[in-house]
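Colleague: There's a structure below that I have some questions on.
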Amino acid sequence: MSRQNQQIVRLIQELIRLVKTGKLKVRWIIALVVLVVGYFLLQPVLERSLGVDLPGLVDVTSSNRASDHRATGTQQSDPQKNGAQKTSPHKTSPPPQTSDGVPAVGDLSKILSANSREIYQSPAGLHYTRGSQHGHRLKHLMAHARDEPDRPGQHGVFDSADPETVVALVDEAYLQAQTGRDTRTQREAERTVYDVNLRRRIGYIGGTSGNRKSRPAAKHLRLVVEGDRVITAFPVRP
Amino acid sequence: MSANKQMYYVGFCRICGTGPLGLRECGRCESVVVLCDECDAVWTDADFSARPQFANEGELPCPHCEASLIKKPSRWATKGKINDVAWVQAAFQKGTLELKQGAALTPEIDDNED
């Protein structure tokens with residue numbers, strides 16, 4: 001069973017427990033179900049008429065996962081709280097789809113441990129696709145979780161080597177970039193490069209240049225995207 | 001440093017700001033292009049002010065023959081190969097490019113890998 005399905009099952013079990021213990025009345029459950037079903041029926045209509053991107057079921061469960069990350073001590077902003085858009089205004093090609101038209105949203109650990117071609121969609125809506133010389137953008141991202149002392153120039157290295165933490169950090173930078181706060185933005189054709197000042201240490205500068213300077217701390221994250229597709233991201237000192 | 005991570009590079013990428021610009025030899029047409037080792041931007045000559053070619057979804061085709069620049073037999077160009085490339089040598093003589101050697105971020109990918 002996928003992690004999202006497990007979360008839904010846990011939610012249902014919790015609701016049943018509350019009903020059994022008398023803490024939640026059946027009529028409130030019915031009202032909740034009606035509201036949820038109504039929302040998902042109206043979501044496409046509202047999106048079309050209002051021109052906004054409302055969260056769907058996948059987004060809701062992804063946000064739950066992000067909350068789990070925070071509970072375990074990682075730092076991340078919440079797309080629902082800060083009101084930032086989860087998609088870029090410069091969207092290019094949509095992610096590849098499976099035969100039934102549903103985007104293939106892969107599991108983080110599966111992609112990193114195997115040669116999976118699946119797309120990974122982050123809680124903020126960024127897509128990590130097949131590509132780069134590492135074979136998958138997630139693998140390329142995680143190449144910035146360790147120093148490469150012989151790599152020419154600067155090699156930004158994240159303090160954390162935990163993939164979920166690194167993905168959450170990129171999400172945080174992306175969402176901050178959408179607001180424009182402490183962000184420098186450059187565009188070339190379909191590519192956008194954000195330098196986001198996260199105002200706390202997120203890593204250091206390695207590579208030949210960084211190691212010559214005793215690995216200085218980095219508070220900025222450089223994020224290169226094409227629409228909502230991640231090309232690369234790493235700590236930087238602009 | 002493993003041998004298959006060595007590359008010759010000619011500067012740093014103006015798009016991502018930090019990626020070394022390696023000289024990459026296409027395994028099919030044997031042309032040499034400039035490939036950013038960080039963001040996969042590709043230039044066909046020393047004019048880096050020109051718009052680079054960016055990777056397609058999941059693939060990095062050679063601008064000349066569209067073979068994969070990622071998978072073998074494509075590889076980082078050897079010194080011998082670089083010496084045979086007219087546009088590279090012309091840029092060296094003009095002083096617009098300087099050849100250096102360093103470690104690439106990624107090892108070469110075998111054909112059977114995705």
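The values are calculated or read from the model by the stated rules, or taken from the named source; none is laboratory data. What you are looking at is a predicted structure, and each value in this text was computed from that prediction instead of being measured. Methodologically, a virtual Cβ is constructed for each residue, glycine included, from the backbone with ideal geometry; neighbour enumeration extends over all protein chains shown. For the accessible areas, the whole protein counts, side chains as well, though only heavy atoms, and no ligand, DNA or RNA atoms are used. Shrake-Rupley method; radii C 1.70, N 1.55, O 1.52, S 1.80 Å.
Colleague: Any chance region A:132-152 includes a residue that's without any contact (Cβ under 8 Å) to a residue 12 or more places away in the chain, under 18 Å from the mean Cα position of the chain (by Cα) and under 30 Å from residue A:211 (Cβ atoms)?
Modeller: yes
Colleague: Looking only at region A:126-168, count how many residues are hydroxyl-bearing (Ser, Thr, Tyr) and either on the phi > 0 side of the Ramachandran plot or open to solvent by less than 10 Å² (accessible area, probe 1.4 Å) (or both).
Modeller: The qualifying residues number 3.
Colleague: Output the number of the condition that residue A:111 fails; it satisfies all remaining conditions of (1) open to solvent by less than 10 Å² (accessible area, probe 1.4 Å); (2) more than 10 Å from every other protein chain (Cβ to nearest Cβ); (3) in contact (Cβ under 8 Å) with a residue 60 or more places away in the chain.
Modeller: Single failed check for residue A:111: (3).
Colleague: Ok, one more. If you go through region B:42-94, how many residues are within 14 Å of chain A (Cβ to nearest Cβ) and under 19 Å from residue B:6 (Cα atoms)?
Modeller: 8
Colleague: Which condition breaks for residue A:209 when tested against (1) touching a residue at least 60 places away in the same chain (Cβ under 8 Å); (2) closer than 24 Å to residue B:6 by Cβ; (3) out of contact with any Asp or Glu (no Cβ under 7 Å at 6 or more places or on another chain)?
Modeller: Going through (1) touching a residue at least 60 places away in the same chain (Cβ under 8 Å); (2) closer than 24 Å to residue B:6 by Cβ; (3) out of contact with any Asp or Glu (no Cβ under 7 Å at 6 or more places or on another chain) one by one, residue A:209 breaks only (1).
Colleague: What about residue A:123, is it within 21 Å of residue A:235 (Cβ to Cβ), open to solvent by 10 Å² or more (accessible area, probe 1.4 Å) and assigned to a loop (DSSP other than H, G, I, E, B)?
Modeller: Yes: the conditions hold for residue A:123.
Colleague: Moving to a separate point now. Check region B:95-103 and report whether any residue there is within 30 Å of residue A:111 (Cα to Cα) and within 14 Å of chain A (Cβ to nearest Cβ).
Modeller: Yes, that holds for at least one residue.
Colleague: Restricting the search to region B:8-39, which residues are open to solvent by 30 Å² or more (accessible area, probe 1.4 Å) and assigned to a strand (DSSP E or B)?
Modeller: Within region B:8-39, B:8, B:12 qualify.
Colleague: Within region B:80-96, identify whether any single residue is part of a helix (DSSP H, G or I), open to solvent by less than 40 Å² (accessible area, probe 1.4 Å) and closer than 19 Å to residue B:41 by Cα, and answer yes or no.
Modeller: Within region B:80-96 (the criterion being part of a helix (DSSP H, G or I), open to solvent by less than 40 Å² (accessible area, probe 1.4 Å) and closer than 19 Å to residue B:41 by Cα), the answer is yes, since at least one residue qualifies.
Colleague: Output the number of the condition that residue A:174 fails; it satisfies all remaining conditions of (1) open to solvent by less than 20 Å² (accessible area, probe 1.4 Å); (2) touching a His at 6+ places or on another chain (Cβ under 8 Å); (3) closer than 14 Å to residue A:232 by Cβ.
Modeller: Just one mismatch for residue A:174, condition (2).
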